[in-house]
Amino acid sequence: MKPVVSEIALEYRDVFTVAKLEVNQNLVKTTEYGIRGTPTYILFYEGKEVSRFFGAMPKETLVNRVLAALISVIAPPLTEEETDSE
């Protein structure tokens, strides 16, 4: 997945930042983030984890999951109260 993640990082550099953690060389961070297998994808927004998913997948699937997570944070669904007021 490293080449795919690198491609995504380059293609979406103006939308989000990609950081990679070499789990075998960073055991403290691996433990801190609760990473038990690779690949593990953790999405953060304003320093807080907003989504996590695992495993190898096609590039398109990975991009779609990342973008869906971003959209859910940036433009969360309207609450019932908000839809009633329209």
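The values are calculated or read from the model by the stated rules, or taken from the named source; none is laboratory data. Bear in mind the structure is a predicted one, so any value in this text is a computation, not a measurement. Every residue, glycine among them, receives a Cβ derived from its backbone with ideal geometry; neighbour counts consider all protein chains shown. Each accessible area value is taken on the protein alone, full model and side chains, heavy atoms only, with ligands, DNA and RNA left out. Shrake-Rupley method; radii C 1.70, N 1.55, O 1.52, S 1.80 Å.
Please count how many residues of region 2-44 are in contact with a Leu (Cβ under 8 Å, 6 or more places away or on another chain) and open to solvent by less than 80 Å² (accessible area, probe 1.4 Å).
9
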Kindly list, by first and then second residue, each pair from a residue in region 7-29 that is in contact (Cβ under 8 Å) with a residue 12 or more places away in the chain to a residue that is open to solvent by 80 Å² or more (accessible area, probe 1.4 Å) and charged (D, E, K, R), limited to pairs with Cβ atoms under 9 Å and residues at least 6 apart or on different chains. Lys20/Lys2; Leu21/Lys29; Val23/Lys29
Take region 52-72 and flag every residue that is in contact with a strand residue (DSSP E or B) (Cβ under 9 Å, 6 or more places away or on another chain) and in a helix (DSSP H, G or I). Leu62, Arg65, Val66, Ala68, Ala69, Leu70, Ser72
Every listed condition ((1) open to solvent by less than 60 Å² (accessible area, probe 1.4 Å); (2) on the phi < 0 side of the Ramachandran plot) holds for Gly55 save (2)
Look at region 12-47 and say how many of its residues are more than 16 Å from Ala69 (Cα to Cα), touching a helix residue (DSSP H, G or I) at 6+ places or on another chain (Cβ under 8 Å) and not in a loop (DSSP other than H, G, I, E, B). 0
In region 58-73, what count of residues is obtained for those that are open to solvent by 60 Å² or more (accessible area, probe 1.4 Å), among the β-branched types (Val, Ile, Thr) and at pLDDT 95 or above? 0
